[in-house]
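Enquirer: Here you go, one structure.
Just so you know, all these numbers are worked out from the coordinates, no wet-lab data involved. Predicted model, so just to flag it, every value in this text is computed and none were measured. Neighbour counts run over all protein chains shown; Cβ positions are idealised from the backbone, glycine included.
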Amino acid sequence: MNFHKLIRSAEGAIGRTRYYSSVAKEELPASFVLEEVEYVPERDKSGLRRQHKNVLHETLPYDEAHSWIHLTEKYQRTLYGRYGSKSNVNPKICFGTLAERTKAQELQRITQPETLPELLEKIRIQKEAKLAAINEREENIQKKLDKLEQWKAELNAKVEKRRADAAAAIQRKERLIEEVRRHFGFKVDARDERFKEMLEQKEKEDKRKQKEAKRKVKEEKMMAKLIQQTS
């Protein structure tokens, strides 16, 4: 309990001290208050070095060379490229010596034998050839698409013809079997040798008739073609 009383008494003392100090401060004369004010000059808080500040304000970083690097042609050219005549650098240094220019031209002649107009013309020709190849490929695809329906119709016609030929062959076989049975006048087993021989003869005769019919059709077509040519 004594500890808590001690804390409260200390807080009260601090509060009274603050109050009387504020009152005393307000009652002080203006001249006396001004005499206690300490003038603090403006400070640079950026932490930048002088050369960095100069670069930030677009002025020369150094008034004179501070390193051997500052005496090199590369650095001098960089200074002139950024600050121009303010760099106090002779612009002639940016073009190099005659020997350097000659060496650069020789290297360019070896590594890039073609001139810029020649390169542009070469690229133009390559683009035109590529475009022509693309157009030709697209045209071929379109032609094939156009013929797709024709190919489908031709395929369907072939399939239908094979079906018709198969059906006709079955019908001929059945007809020949029926003719053989009528020839004997009674029902004969298809495995009987006499039946097989007679059926083989009928098939040979039927093939001969079919061949003769095809020959006649072919001759008629040829005659019609000759008559059309002569007329």
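Enquirer: Quick one: grab the alpha carbon gyration tensor of the stretch 93-183, order the square roots of its eigenvalues as a ≥ b ≥ c, and give me rounded if a/c is under 1.5, else prolate or oblate depending on whether a/b is larger than b/c.
Expert: Prolate, since a/c reaches 1.5 and a/b exceeds b/c.
Enquirer: Each residue of the stretch 196-212 in turn: what ³J(HN,Hα) in whole Hz from Karplus with 6.51, -1.76, 1.60 and θ = phi - 60°, glycine and Pro shown as x?
Expert: So the J values, rounded to whole Hz, are 5, 5, 5, 5, 5, 5, 4, 5, 4, 5, 5, 5, 4, 5, 5, 5, 5.
Enquirer: Still on this structure, please answer the following. Just going by the charge dipole of the stretch 106-178, with Lys and Arg at +1 and Asp and Glu at -1 on Cβ, which of Ile125, Leu176, Gln108 is farthest out on the positive end?
Expert: The one lying farthest along the dipole's positive direction is Leu176.
Enquirer: Show which lysines lie in cross-link reach of Lys122 when reach means a straight Cα distance below 16 angstrom and same-chain residues fewer than eight apart are skipped.
Expert: Lys130
Enquirer: In this model, which of Lys173/Lys204; Lys158/Lys211; Lys173/Lys196 are farther than 18 Å apart at the alpha-carbon?
Expert: Going by Cα-Cα distance, Lys158/Lys211 fall outside the 18 Å limit.
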